[in-house]
Each structure stands twice: as structure tokens, then as C-alpha cells.
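Encoded as C-alpha cells, the structure appears first; notes follow it.
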Amino acid sequence: MDSAAQHPEDDRYSYSTRALARLVLSDQMSDIADHAASLVPTTGDRGWYPGEIVAAARGLVDLAQAALVRAVLYERATGTSWEIIGEVLEITRQSAHAKFREDEQEWKEALHEPYYESSGPIRNLRLPDAAYRPTDAGRRLDKWARTHCDEDGNPVTDGLPELSLIDELNQVLAAINHLYRDMYTPTNQDQRARMLDRKAALLDRIAVETNRPQAAQQAQEARALAAEIRRGKDAGHLRAVTDE
């Protein structure tokens, strides 16, 4: 992939939704393990104030509840039905859907809008960090697993679901389409140009790997449009030009 595709804000587009959901779950589980491990030694017990150990255990319960949500989101990303999830949790399909539907919707929206809306210079991350920076998270979790699980190699990233070339292209196209979700909101032209560059790079690969010359032509058109955006041509003209 070219340098434009390596923009830090676009790292997640190199991973399937399933892989991102699994990384977030792994990250949550490592947090639980670290917090639980901190309660194993007794040497610091004299320094605890009354109720502090109960509070720490309650914190673990909260982390476990968050992990359950992440597990459900991962299962949903793999295609698990609400009926099966309900059976495991000993509730009805309808109850399972009602319990987790807002979490699932928030997850899907955050994949496209990783930051909360802000009118100031400071942006707060909405998407879990492991999904926003999956490459860094993968390296960190691989190291964690090698240290704590007596595993060799890359115990976390080696088992992540792979992303096909076509699926990656579809994710990029979905990201481009999302930029036009609201006709009253100005399109982020910087992101649009980055996505078009990424689209062009993927089409170049498709042209070579599948012997489709038309994909190479589409790549040239996408790259030309990205360059046009960066030159700051008339915004109305740019919006009229199709990205697909």
C-alpha cells in the first residue's frame, strides 16, 4: 500500500471488522488479567483502607461486564445470531437484541466516526483505541501474550480473521460513501482524498492480481480526482464528480 494508505487515522481500513472487534476484545481481556493479577499479592494489604479491596473487585466486575459487551460485538461480527447469544446468556433472542443493540449500533457508527463531535481543537476518541490503532495494538497484545501466556510468535495477530482485497476495497468505498451521509455537513476533503488514494492503490493491486485492465483505469481516475481535491478546485464541481 502507498504512503497515503498508511495515514494513522486510516490504519483500521486494513483490518476486517471481525479482526477489529477481536482486537478490542483481546485488549479488554488483557486489562482484566492485569487488574486481577494486581490483587494476587498480599504484601501490600496493610496499606489498603477499609472497603478498598471490595472496590477493586467491583472494578473487575465492571471490566468483565464491558468484556461481555465486546464478546457479543465480536460474535455478531462473525455472524452469530441473537438467538444463539440469547441461549448462551439464558435470555430470549428479543432480550439479547434489546440488551446489546445500542452497543452494536455505537460500534458500527464509531468505525466510520472514530471521534466524538467537537467544536474545539481537542478531539476525544470514540472508537476503542485497539480498533483505531490496530497495528500498534496488535504488536502490544502479541508481546503481552508472549509474556503472560507462554506463547511464541504472534499469538494474537496470527489468528486474526484475514481481510480479502475485495473486502478491503468495499470498506474503503463504504468510508467514501459515509462522507456524504449528511447533505448539510461539509465533506472532509482531506479524508476523501486519502480514501481515493487508498482506493487507487487497491485497484492497482486488483488489476495486477486478477488481470483486470479496467481496474487500472479506475485507479488512475481515482488518483486524479484525489490530486484535483488537493489542488483545491471548486467544491461544487468536486461534489458533482462521482467517487465510484
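The values are calculated or read from the model by the stated rules, or taken from the named source; none is laboratory data. Just so you know, these numbers come straight off a predicted model, no measurement behind them. No Cβ is skipped: glycine too gets one built from the backbone with ideal geometry, and neighbour counts run over all protein chains shown. Surface accessibility is based on the protein's heavy atoms, side chains included, excluding ligands, DNA and RNA. Shrake-Rupley method; radii C 1.70, N 1.55, O 1.52, S 1.80 Å.
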Checklist outcome for this item: Exactly one of THR157, THR147 is within 25 Å of ILE206 (Cα to Cα), open to solvent by 30 Å² or more (accessible area, probe 1.4 Å), of a type in the set (Val, Ile, Thr) and out of contact with any Phe, Trp or Tyr (no Cβ under 8 Å at 6 or more places or on another chain), and that residue is THR157
Checklist entry - For region 131-163, what are the residues that are in a helix (DSSP H, G or I), farther than 21 Å from ASP11 by Cα and touching a Pro at 6+ places or on another chain (Cβ under 8 Å)? => result ALA145, ARG146
Checklist entry - Of the residues that sit in region 181-209 and are β-branched (Val, Ile, Thr) and in a helix (DSSP H, G or I), which one is farthest from the chain's Cα centre (by Cα)? => result VAL208
Next on the checklist: I need every pair where a residue in region 143-156 that is aromatic (Phe, Trp, Tyr) has its Cβ under 8 Å from the Cβ of a residue that is part of a helix (DSSP H, G or I), sequence separation at least 6 or different chains.
Outcome noted: TRP144/SER30
Item to check | Unique residue being surrounded by fewer than 12 Cβ atoms within 10 Å (Cβ to Cβ), of a type in the set (A, V, I, L, M, F, W, C) and modelled with pLDDT of 95 or more when the list is VAL88, VAL61 | outcome: VAL61
Next on the checklist: So PRO41 passes all but one of these: (1) out of contact with any His (no Cβ under 9 Å at 6 or more places or on another chain); (2) open to solvent by less than 60 Å² (accessible area, probe 1.4 Å). Which condition number does it fail?
Outcome noted: (2)
Checklist entry - Which of the residues spanning region 1-38 are of a type in the set (A, V, I, L, M), crowded, with 19+ Cβ neighbours inside 10 Å and over 12 Å from the mean Cα position of the chain (by Cα)? => result ALA5
Checklist entry - Is it true that GLN171 is in contact with a helix residue (DSSP H, G or I) (Cβ under 7 Å, 6 or more places away or on another chain) and modelled with pLDDT under 90? => result no
Item to check | Identity of the residue in region 180-191, within 14 Å of ILE229 (Cα to Cα) and open to solvent by less than 60 Å² (accessible area, probe 1.4 Å), that ends up modelled with the lowest pLDDT | outcome: THR187
Checklist entry - Taking ALA235, is it of a type outside the set (Val, Ile, Thr) and either over 23 Å from HIS112 (Cα atoms) or modelled with pLDDT of 90 or more (or both)? => result no
Next on the checklist: Let me confirm something: among ARG76, ARG93, ARG70, which residue is at negative phi and over 24 Å from the mean Cα position of the chain (by Cα)?
Outcome noted: ARG93
Next on the checklist: Pairs needed: first member in region 26-37, within 15 Å of GLY138 (Cβ to Cβ) and modelled with pLDDT of 95 or more; second member anywhere, in a helix (DSSP H, G or I) and among the acidic types (Asp, Glu); C-beta distance under 9 Å; at least 6 residues apart or different chains.
Outcome noted: ASP27/ASP129
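Here is a check on your reading of the model: is PRO134 of a type outside the set (A, V, I, L, M), free of Cβ contacts under 8 Å to residues at least 40 places away in the same chain and buried (at least 17 other Cβ atoms within 10 Å of the Cβ)?
In short, no.
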